[in-house]
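Student: Following this message is one structure expressed as structure tokens.
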Amino acid sequence: MVQSSLARSRRQLPALREELERQRDFREEQLAHLLAHDEIRTSPSGHEPHAADDDGSRALREIRGLVAVGARQALADIELALARMDDGTYGRCRACDSAIAPAVLTAIPATTLCPACQVGTEP
Ligand SMILES: [Zn+2]
């Protein structure tokens, strides 16, 4: 009996959805925490209007800014994956429409790209 990987990922869905919702809660909390402790201004130019800070707090703020950017990106991925679960396209690559291996989905539930397309989008 042949079982497609898509059928297998469907069976994994409840567990993956639970994991994604857990990760979403974590990211939302992380972002709220970062924003509460710092006014992160992600200005498109990245230009600082004044440089009164010493290097230490400036570096720290830059790190917090990077963490916030990463957390926002992760949250966007998670929300996209959850939306694809709702419309039934979860488990398929959003770029080339091939099935994503269940092992990949288990390892990275938020992924909506197959490994081949993932490599193509990495900076
Ligand atoms: Zn693909």
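The values are calculated or read from the model by the stated rules, or taken from the named source; none is laboratory data. All values derive from a computational prediction rather than experimental measurement. Every residue, glycine among them, receives a Cβ derived from its backbone with ideal geometry; neighbour counts consider all protein chains shown. Only protein heavy atoms, including side chains, enter the accessible area calculation; ligands, DNA and RNA are left aside. Shrake-Rupley method; radii C 1.70, N 1.55, O 1.52, S 1.80 Å.
Student: Quick check: is even one residue across the stretch 69-78 farther than 19 Å from Glu21 by Cβ and open to solvent by 70 Å² or more (accessible area, probe 1.4 Å)?
Tutor: yes
Student: A further question follows. Please specify each residue of the stretch 76-110 satisfying the condition of being touching a residue at least 60 places away in the same chain (Cβ under 8 Å) and over 16 Å from the mean Cα position of the chain (by Cα).
Tutor: Within the stretch 76-110, Arg92, Ala99, Ile100, Ala101, Pro102 meet the criteria.
Student: If a residue has to be among the β-branched types (Val, Ile, Thr) and away from the ligand (no atom under 14 Å from the Cβ) to count, how many in the stretch 86-107 make the cut?
Tutor: Final tally of qualifying residues: 1.
Student: Can Arg72 be described as more than 13 Å from the ligand (Cβ to nearest atom) and basic (Lys, Arg)?
Tutor: So Arg72 fits the description; yes.
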